[in-house]
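Participant: Below: one structure in structure tokens.
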Amino acid sequence: MSDNIHYLEERFKNAEKFLPHPDKHGGSGGGGSGTGGGDFMEKRIESIEKSLPEIKERLARVETKIDSIEKHMVTKADLLEETGGLNQAIANFRTDIQSLETRLLKWFVGTAAALSAVAFGVARLIH
């Protein structure tokens, strides 16, 4: 990207020499402003015509890159389809976690009840 910017800066600097200088072409005082302006326009057009093949080549490369990006691009429908499946997987996972939590609570309560029954039974036998 910075190479492109550097390239454009150089092109701009080179183009400045074709711009009219206020001392040469911009005054209201004299003869010769008509021929200077025409010469200036010819130089500008010539410069543009020289850069056209390069511009066309770069544009063709950009179009090629855009086409390759579009081939691999995900559409909104694809994303919705994928997230739909992902949402279902998350919902299933939450259900599994909730059922596991329920089973663990049952085991904890059952184990606590059994241990307290054993403890009361041992205490009754001792007294």
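Participant: Tell me whether region 34-48 contains one or more residues that are β-branched (Val, Ile, Thr), at pLDDT below 85 and either touching a helix residue (DSSP H, G or I) at 6+ places or on another chain (Cβ under 9 Å) or not assigned by TED's automatic domain parsing to the domain that holds Arg11 (or both).
Facilitator: No; the residues of region 34-48 include none that is β-branched (Val, Ile, Thr), at pLDDT below 85 and either touching a helix residue (DSSP H, G or I) at 6+ places or on another chain (Cβ under 9 Å) or not assigned by TED's automatic domain parsing to the domain that holds Arg11 (or both).
Participant: Let me ask you something else. Could you check region 69-79 and list, in sequence order, the residues that are part of a helix (DSSP H, G or I) and exposed (fewer than 10 other Cβ atoms within 10 Å of the Cβ)?
Facilitator: Those that are part of a helix (DSSP H, G or I) and exposed (fewer than 10 other Cβ atoms within 10 Å of the Cβ): Ile69, Glu70, Lys71, His72, Lys76, Ala77.
Participant: Right, another one. Is there a residue being of a type in the set (A, V, I, L, M, F, W, C) and in contact with a helix residue (DSSP H, G or I) (Cβ under 9 Å, 6 or more places away or on another chain) anywhere in region 80-89?
Facilitator: The answer is no; no qualifying residue exists.
Participant: Sticking with this one: In the list Val118, Val62, which residue meets the criterion of being assigned to a helix (DSSP H, G or I), farther than 30 Å from Lys13 by Cβ and among the β-branched types (Val, Ile, Thr)?
Facilitator: Val118
Participant: Quick check on region 89-99. Is at least one of its residues within 30 Å of Arg11 (Cβ to Cβ) and part of a helix (DSSP H, G or I)?
Facilitator: No, every residue in region 89-99 fails to be within 30 Å of Arg11 (Cβ to Cβ) and part of a helix (DSSP H, G or I).
The values are calculated or read from the model by the stated rules, or taken from the named source; none is laboratory data. The structure presented is a predicted model; accordingly, all values stated were derived computationally and were not measured. For neighbour counting, all protein chains shown are included, and Cβ atoms are generated from backbone atoms with ideal geometry for every residue, glycine included.
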